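The structure appears right after this line, and notes come after that.
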Amino acid sequence: MQEVCRILVRETKFERMAFFDSDIVQDEAKRLFGDYQQLMQLGSEYGKFDREGKKKFIETMEELMGRYRVFMKRFELSEDFQAKLTVEQLRTQLSQFGITPEQMFEQMESTLERMKSQIEPPAAG
């Protein structure tokens with residue numbers, strides 16, 4: 001996900017794309033990428049979180065992935081040339097890792113499910 005966000009940030013050049021003339025799209029792009037960076041910084045301390053902290057981190061990551069899916073769907077559905085080009089560039093970049101955008105989301109979901117299963121249940125009291 002981190003590499004994908006870097007690709008999108010580098011490739012989209014928000015101020016020059018007609019697709020990003022929409023204030024809603026611009027605001028969500030900035031929020032999405034900012035939230036992702038903050039979550040990754042926080043995630044570096046994941047091993048130190050208590051059970052509830054880990055659950056909250058996973059829930060927040062799931063919410064972010066949902067937002068990211070919607071954001072990417074906007075690119076895919078847009079008639080804007082630059083948006084279509086960005087989708088193709090993302091597909092090309094991901095293909096270098098041997099995956100498609102859908103597989104990337106599936107892998108993230110699988111990772112989050114694995115993380116959920118590794119959280120110990122609360123001690124019986």
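Values for this structure:
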item: Cleavage-rule hits (GluC sites (Glu not before Pro)) in the range 16-68: DSSP loop, at most 12 neighbouring Cβ within 10 angstrom; result: 45
item: Stretch gain in nm, segment residue 44-residue 76, where the contour uses 0.36 nm per residue and the Cα spacing is subtracted; result: 8.4 nm
item: Note, ³J(HN,Hα) from phi for the range 88-96, Karplus 6.51, -1.76, 1.60, rounded to Hz, x at Gly and Pro; result: 5, 5, 4, 4, 5, 4, 5, 5, 5
item: Cα-based shape type of the range 63-125, given that a ≥ b ≥ c are square roots of the gyration tensor eigenvalues and the cut on a/c is 1.5; result: oblate
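Only the coordinates and a few stated rules stand behind these numbers; no lab work does. Since the model is a prediction, treat every value here as computed from it, not as a measurement. Glycine gets a Cβ as well: all are built from the backbone with ideal geometry, and neighbour counts include every protein chain shown.
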